[in-house]
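Here's the structure, in structure tokens; my notes come after.
The values are calculated or read from the model by the stated rules, or taken from the named source; none is laboratory data. What you are looking at is a predicted structure, and each value in this text was computed from that prediction instead of being measured. Cβ placement follows ideal geometry from the backbone for every residue including glycine, while neighbour counts extend to all protein chains displayed. The accessibility values were calculated without ligands, DNA or RNA, using every heavy atom of the protein model including side chains. Shrake-Rupley method; radii C 1.70, N 1.55, O 1.52, S 1.80 Å.
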Amino acid sequence: MNRIDPKLIATLRQPSELVERGLAPAADLAGLERVAARYAIAVTPDIAALIDSENPDDPIARQFLPDVRELIEHAGESADPIGDDAHSPVAGIVHRYPDRVLFKLVHVCAVYCRFCFRREMVGPGKATALSEGAYRAALDYIRNHSEVWEVILTGGDPLMLSPRRIAEIMADLAAIDHVRIIRIHTRVPIADPARISPEMVAALKVEGATTWLAIHANHPRELSDMARATVARLADAGIPLVSQSVLLRGVNDDAATLEALMRALVECRIKPYYLHHGDLAPGTAHLRTTIEHGQELMRALRGRVSGLCQPDYVLDIPGGHGKAPVGPNYLSHANSREGELSSETRYRVVDYCGDVHLYPPKP
């Protein structure tokens, strides 16, 4: 296996750098430059070190290296596939659900995932962060909506900010009486674990609100020794950790890989939270699976691993209608046999082996 020493390189941002490092064929350079003209590229040394350049189907490479298929758009794909704009009352805020808001602080990431649903909004050429005025207006919106119990920091990746700035933001939010939970969505502990310094860990904890961290990982190899040590430092500091993963063709769309990923997360004290069905972002069809296949995988996972390892399989409904669980259904009504009377509803329940049982059982 041919992997790159992360100590030898900086973040790779140009197709020519990918070719130079042996991560992309020279023959593909012209096509990859067309992709780079539209969508941001960033591959950190830690991620580059995980890529097996001798495997054309490497699951880490599929997530982070550009592909000319990204220039092919399919019907139904959208620059705003989950409808953030329709629920954005002020810049930086998305208020889709009554008790929580997204607070989009920055528009840069340590790495740029090729399947990102915000791929049209992040990266070079886009605004890097909210202006001070927009930030203050967003805080005012949160203050003026007492139903907001949870603020979810997202972007971009909020942990691209400095510990000093993170500490200021956490303090501003915790000072709002009705904000009790601050959840941070991030790839940084996986993609650039060195950024999670002791100063950053300290900045994430604040009096007056509870911090939760949602860590994005899609393949068990992403949980490198360095990433595991970083996650342990966060857990040891008392910060609850959950995961978000995306179901991706050629990355984790088989039961064995999902099993290994979910077990690895739980071993790292990260509770699997969401397994997202791929969003209809432009140029991502080659990475999406079908919902039916996702349901089959969730059935397989149910029989293979502990309940601690079970994420919710969810679809973010296009148009801004929110997430819906789309996992398999194990329960259905059982029709009484002709002439049979029952005062109690009876159900068919499918167990993890696929066997069907009646509930309540017949006397």
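Numbers below:
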quantity: Enumeration of residues in segment 85-110 that are part of a loop (DSSP other than H, G, I, E, B) and crowded, with 18+ Cβ neighbours inside 10 Å; calculated: Ser88, Gly92, Leu105, His107, Val108, Cys109, Ala110
quantity: Elements of type helices (runs of 4 or more DSSP H) in segment 144-242, at least 1 residues being surrounded by fewer than 17 Cβ atoms within 10 Å (Cβ to Cβ) and of a type outside the set (Ser, Thr, Tyr); calculated: 163-174, 198-204, 225-236
quantity: Conditions (1) surrounded by fewer than 19 Cβ atoms within 10 Å (Cβ to Cβ); (2) in contact (Cβ under 8 Å) with a residue 12 or more places away in the chain: number failed by Glu132; calculated: (2)
quantity: One residue from Pro6, Pro56 being open to solvent by 20 Å² or more (accessible area, probe 1.4 Å), at pLDDT below 95, of a type outside the set (Val, Ile, Thr) and touching a helix residue (DSSP H, G or I) at 6+ places or on another chain (Cβ under 7 Å); calculated: Pro6
quantity: Qualifying residue in segment 246-259 (condition: touching a residue at least 12 places away in the same chain (Cβ under 8 Å) and under 18 Å from Asp192 (Cα atoms)); calculated: no
quantity: Qualifying residue in segment 123-134 (condition: at pLDDT 95 or above, under 21 Å from Asp192 (Cα atoms) and outside any strand (DSSP E or B)); calculated: no
quantity: Pairs with Cβ under 7 Å, 6+ apart, first in segment 299-310 and within 13 Å of Pro272 (Cα to Cα) and polar (S, T, N, Q), second open to solvent by less than 50 Å² (accessible area, probe 1.4 Å) and part of a helix (DSSP H, G or I); calculated: Gln310/Leu301
